[in-house]
Structure formats: structure tokens, C-alpha cells
Amino acid sequence: MKIVKIAGITAALALGVAACGGGETAEPAPAASAAESAPAASGPKFAGQTLTMWRLGDSNPPAQAYMDDLNAEFQKVTGATVKLEWIPWPQVNDKFTAAAAGGAGPDVTEIGNDQVPLWVSQEALSPITALTSAGDQAQIPKNLFGLETIDGEVYAVPWGAGTRAVLYRKDWFDELKIEVPKTWDEVVAAAKKIQEEKGKDVDGFAFNGGSDANHLLGAMAWSEGGDYAVKEGDKWVGKLTDPTFKAGFETYTGLVTSGLSGKSRLTQNTVDIRTRFANDKVGMYLTASWDIPGIETDSKGKVKADQLAFFPLPAKTGGEAPAFFGGNDIAVWGTTKNAELAQEYIKLATSKQWADRYAKDGGLLPVYPDTLASLASDPVQAPFAAAFAKARSFPADPNWTEAGETKAVLQNAARSVIEGKASADEALATANKELEDILNQ
Amino acid sequence: MTDTSIARRSHRPPKKASGLNPKYIPYALLIPGIAVIAALLLYPMFQVFVISFQKVGLPQIRDVNPKPAEWLGWENYTKVFENDIFWSSLRNTIGFAVITVTLTLVVGTAVGVLLNQLSKRMSTFVIVGIMAAWAVPPVAQGVIWRWLFDAEAGIINWALNLLPDFLSTALFGRADWSGEPWTNEAVSIYVILIVMVLWSSFPFVAVSVLAGLKGIPTELYEAARVDGSSPWRTFWKITFPLLKPVFAVLTILSIIWDFKVFSQLYTLMNGPTVREAFNLSVFSFAEAFKAPPKMGSGAAIAVILTIILLIVTAFYVRQMVKSEEVQ
């Protein structure tokens, strides 16, 4: 599967077109003929120029359609053609690293909000402060710029906010007469029932131990009142050994030790889980609603959107667990030779009209407050809007990505506990020291 | 053609005088090779050495106005030595090399001797078979073996489940192998890695030994047989001493190959995931190229690995030269 994916990506990059996970090739946004005719219209300032744009994730049909329309609009306004490339989420850091080292980067890139501090510290993004105080963008609440503002400069504009909820197989729940869980115990019972009926190799509730594992672990730890680290003065102090964090951590490792998720898949990330979900091997997992089109593609149409639904992750302590405050931003890549045009693109993409549609088509929450307020009545988006109210985030530090993804500090701690190599206390004490070392370096 | 004619011909002076003093011709011929090695190997090695004393990240290596690298002295090295992962990587690297080099040479030699006993047709058949394993690219090997040991769909767990329960319990202390994960922890990862590298590297040893064996005059074996020597004794008294130079080269090559094994381990673990199972190459890669890249400490690890390898090889070459002198 990995090979197919890699081959697909390589081919996609070589051709400069977008290819999606399911092997279906999508056309690049602007057709060649349109590019030729554009310069003839004398008006646009940037006629004949090309802008490279990196979108993250899979090019599922709604996302592709959105990009096609956005890029066509951009061409109409500025005359410039957009070369669009899709980068799968698990490869984002590697692609950014290669682009920053080799100079073959995009002009504009989508970026995860928690990745912004890291890439600013690597000097890979250009400041775009002026852009955010005028026009539509001035309406985006300032508290959404927390991770994006570093030393008084803004490096990225929030494009859509994303929180996580539990995606489940509605058709299985109906078939097995399972009620939508309201408490953590009901989630466990539902997962057990699914495994009894659908086979032992099905993950009732999938454990995520890959690059984005902290979305799941974080929700469980936050719901107990725990946190990763707090800043005291100019130093980060790790809080992993707190009983509250430990309680969440034990719920997390308990997914595997109690058999709800297979012991052989301790390093799977959301993309891996999604593939198994599409193949009837997962009952529930924590994710965002943008996974649905990918599941339809991966399952070759066998698992359809109406067989799937979301519910907010219940906390073990009662109520809903706080979700990860995620979001996708859009930023100007530092080495761009086309900074002015790149800013124009961001201005258009994050304008109210296009940002709202980005959120709607991508299953994200809109960053414009009035649009968000109107979502509370939407049955699909309501679980996310509810989670969004309680959203929390990871330590806002450039080194967080290293601790959370590259060094996988807590994923390794969880594995040593699951393998019986260390107790939760020992593993968390080691992890705490490592987390402090990384955050304070 | 007799020996004398060869001697006479080679002593004949060249008809046309070359512009270059014959004494320098070998050096002139070496220049292109040395230039290529210097550009592709010596210069990068020198750079790695320099970088290992510097703080080098993305801002330092990018194309557009790169920042000057900061000189850190020994800091990269002291940090590496304080890191637990370095010590587990070092242990994994050395342990793996010792076990795998030994197994490769023993199995390779045994197969080489066997090939020498086989009929021509059969030996060709076996050679083609084992060379196919040798020819599999390292990344493909990693993927193939990862699939074989897959917890749910892998053939290994399936085969272990086919064993009668009493036998499986007697051998491994368990009867049920369904869903047994192999790539979660260092020990089982290295079991797979050793088998994989052995599988892919013994054919080269076997074929080299076979080539050596073909060069030993059959009279020696006939004499041994007349004297009533056992096959074991024949091997140690005739084959082994005569093949010593072959073994020396094969050992050094195997040590070098097994010390720096990377692709197979990387694909087997599906990237640098299980940190306790890192070896020095994977550790160096993870430090140097995973975001945020720390090329300085990655380079420091690479320098340490190179030095260890140089010491081991130098020691071995010295032993070899010594024993040649004794003879």
C-alpha cells in the first residue's frame, strides 16, 4: 500500500498534476488553453506568470473541485496560472524539509496550524502581517492567530478550523442495535460488540500511534484535566507525570491492552486507520470530517457517506472530551520569487467567500465568526462545533513538532507500556524529561 | 605459447617513444579515478567531519541567502553521548554485525563447499536460485520480509499456527500465533533483520568460495583421500588455508556491509519508528533529515560510525597481514 502510495505521489509530482490516494488521477486546475488565452486579455497585472501552490491531504473530488474553481477565479483576477500539487499529511514535514533545503519549494502552501511555529523557526515562511489587518481578513478573530503570530509578525492566515470527533460505521451500529455512545464506557462496550460480530481483527476503536497520535492522546489527557507542558517564565515544565495526564494516558494505552485495537498496529496514523476503516476493519476512530470522501474512494464506493456518522468523543470523566484545536492555514513560502503574487493568492483564498467555501467543502469549521455561528444547527457539523467550543492545543513552541511527531516521545512511551517494558509511571517520567529537553533546547 | 616468448615480448621496447616518462604513466592513469573519488567521496567526507562540529539546520543550507553555520566545538558529540538512543543504537549495530557476519560466512562457506560437490547442472541451478536472492534490491527485501512477518496476513504467523500445538508450545512456549506483532520491539525486529540480511548476503560468499575452490588443484584432495583424511579435516587442513585470502576479503566486505545496513531496517520498521531498534545509520538519518533537521548531530553520529568501522577494519587487516608474515 505504502509503495503504491509513494509511486503515485512520485508520478504526480513528476507530472506536476495532482493524483489522489485511490489511484484516480485528477487534472491540474488550469487547463493549458486557458493559460494561453489569459495573457491576451491585457488587463491582469500578473498575466503569464505561474504560481506553485501546495495543498495538503488527498485530492478528493470536492477538494479538487474547490481548487479548480479557486484557481480559475485567481486566474481571472490576476492573470496568473496556478500549478497545484497535493501533499499527503504524513509526508508534509519531509516535503517541507526537502523544499527548504533544496529551494524547490512552492510559492504558497497550506500548513497545519501547529506546524507554523516549527517552520517559522526554520525560516521557511514569509511574514504577511499587513495582509491580516485589512479587507475580509480583518474579520477573522485575533485569537485564531495564536500559533501564527511569532515576535509580533503573522506568518500564516487561518483558512479553516478543524477539530476531531469519532467517526463510526452507522450501518454497523444499526445492524448490531448499538446506541450512539454518550459515555466512554458505552464506547468500550460498542467497540467490544463490533469485534464480537465483525471479527477479532477488526479494531473496535482504533489506536493511533503514528505521527498524529497526540490528537487522540491529547483529547483523553485534556478530558482528565491534564496537559503536556506549561510555560513557567521562559522554560517549559513537563506535566506528563501528573496523575491527571497519567489517567488520560492509561485510557489511551488501554485501547490496545484491553484489546479494542490490534497490538500489531502501534505505529499507524490517521491515514493508515482510514484505509483500514474503508476496508471494514475499523468500527470507530477519532478524525475530522474531511476523511469521508477519502473513505468512499479507498473502498471503491463500497462504504458510502450515508453509512458513516460522527459523535463527539465522550470523556471518561463524563461529558464531551476537549478536542484538539486544529486548523489549516495558508502561508507564503519563504523562498518564493513571487511574494506579491503569493500574497494576492492568500488574499483571495482567505476572503470570506472562499474561506467559507473551503471550510464547507473540506468538512472544516469556518474561521469567520458569523458563518460559524450559523453551523450549530447543522447535524453533520454540530459535533465539531460542540468540540470546537472546548478545543485545546499543544504547547505553542517551535520544538513541539519534534517532540510530538519526529521523536514521537509519547508514542514511544505508549509502546513501551503496551509491550510491558515499563510501567506507565516509568514511561511517563522518561517521556517528561525528554519532552522538557526538546521544548527547552 | 611458452613462458619465454611472453617474457621476450614484454621486454621489447615500445616502438614509438611516448612523451611521458614511463615511471609516471601509472600515476597519470590514476588521476581521473582519484579526481572522481575526491569529488564524490573525500570532499563530502571532509564536509561531514566539519559539519559534525557545527550547528547546521535548514537556514544554513538553503539556496537563498544561507546563514553562516555556528561553530559548536564538541557539543554535538557530547549531546550524542548523553543520548540513550545512541547507546542502544551502538549496541544494536555491533551486536547485529557480529552475529550476521559470522552467520553469513559460515552459511556461505557451507553452501560454497556443497556447490563444489554438485554436478555441473545442479550447481548452476542452485547458483541461479541463490543469486536471485542476492540480486533483490535492499528496499524490496525490506518490504518482502515485512509482509512475510505481517501480524495478520503474514505467512510466518500462518505457518507457526500450522505447527501442532504441543510442538509449538515445546519450542516457543505458546500455541497461538494469530496477530503476533513482529515489528513492535527491537528483539523481534533484529531477528527478522538478521535472517533477511543473511538470506541476501550468503549467496555472494557462497559463489566467491566456490570460485576459490575451483582454483585448488584436485591432486591435493586426492592425496588427502588416499591418506584417509575425514572431510572435516580436509576442509581445515587444505581448503581453509588455501582460501584464507578469499575469506579475508569476504570478512572485511561483510563487516563493512553489515555495519552500515540501512535500507532493510528502515523499510522493515516503516521509517524511523521504533527507537529502541535504531542502529547508528538509522539514528544518524533520523537526526539529520527528520524535521527539524539537525545535520550537525547527524554528522557527528556518522563520524563516530566511520571511526568504529575504521578501527575494526584496521585491526582485522593487521591481523591478516601478521598471519601472512608468519606463514
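Points to keep in mind about this one:
- The condition of being surrounded by fewer than 23 Cβ atoms within 10 Å (Cβ to Cβ), of a type in the set (V, I, T) and over 21 Å from A:A315 (Cβ atoms) does not hold for A:T257.
- Counting only helices (runs of 4 or more DSSP H) wholly contained in segment B:111-199, the ones carrying 1 or more residues that are touching a Pro at 6+ places or on another chain (Cβ under 8 Å) and either within 14 Å of chain A (Cβ to nearest Cβ) or within 26 Å of B:W257 (Cβ to Cβ) (or both) occupy B:120-135.
- Residues that are closer than 16 Å to A:T163 by Cα and more than 14 Å from every other protein chain (Cβ to nearest Cβ) are absent from segment A:340-353.
- Exactly one residue among B:V80, B:V48 is crowded, with 17+ Cβ neighbours inside 10 Å and in contact with an Asp or Glu (Cβ under 9 Å, 6 or more places away or on another chain), and that residue is B:V80.
- Residues (within 24 Å of the chain's Cα centre (by Cα), over 15 Å from A:Q115 (Cβ atoms) and small (G, A, S)) located in segment A:320-350: A:A321, A:A323, A:A342, A:A349
- Residue under evaluation A:K347, criteria (1) open to solvent by 20 Å² or more (accessible area, probe 1.4 Å); (2) out of contact with any helix residue (DSSP H, G or I) (no Cβ under 8 Å at 6 or more places or on another chain); (3) touching a residue at least 24 places away in the same chain (Cβ under 8 Å), criterion not met: (2)
- Considering residues of segment A:406-441 that are more than 11 Å from every other protein chain (Cβ to nearest Cβ) and of a type outside the set (A, V, I, L, M) only, the residue farthest from A:T241 (Cα to Cα): A:N440
- Checking B:V226 against (1) aliphatic (A, V, I, L, M); (2) within 30 Å of B:A135 (Cβ to Cβ); (3) more than 14 Å from chain A (Cβ to nearest Cβ); (4) free of Cβ contacts under 8 Å to residues at least 24 places away in the same chain, the condition it does not meet: (2)
- For segment A:264-296, filtering for residues that are in a helix (DSSP H, G or I), within 29 Å of B:Y266 (Cα to Cα) and away from chain B (no Cβ under 14 Å) leaves 8.
- Taken together, the residues in segment A:370-429 that are part of a helix (DSSP H, G or I), of a type in the set (A, V, I, L, M) and open to solvent by 40 Å² or more (accessible area, probe 1.4 Å) amount to 4.
- Here A:A403 clears all of (1) closer than 18 Å to A:D227 by Cα; (2) within 14 Å of chain B (Cβ to nearest Cβ); (3) touching a residue at least 60 places away in the same chain (Cβ under 8 Å) except the condition numbered (3).
- Any hit, segment B:279-292, residues being in contact (Cβ under 8 Å) with a residue 40 or more places away in the chain, open to solvent by 30 Å² or more (accessible area, probe 1.4 Å) and part of a helix (DSSP H, G or I): no
- Comparison of A:L428, A:L439 shows that the only residue that is modelled with pLDDT of 90 or more and either outside the structural domain of A:L216 (by TED's automatic domain parsing) or touching a Pro at 6+ places or on another chain (Cβ under 7 Å) (or both) is A:L439.
The values are calculated or read from the model by the stated rules, or taken from the named source; none is laboratory data. All values derive from a computational prediction rather than experimental measurement. We place every Cβ from the backbone using ideal geometry, glycine too, and count neighbours over all the protein chains shown. Just the protein is used for accessible areas: all its heavy atoms, side chains included, with ligands, DNA and RNA removed. Shrake-Rupley method; radii C 1.70, N 1.55, O 1.52, S 1.80 Å.
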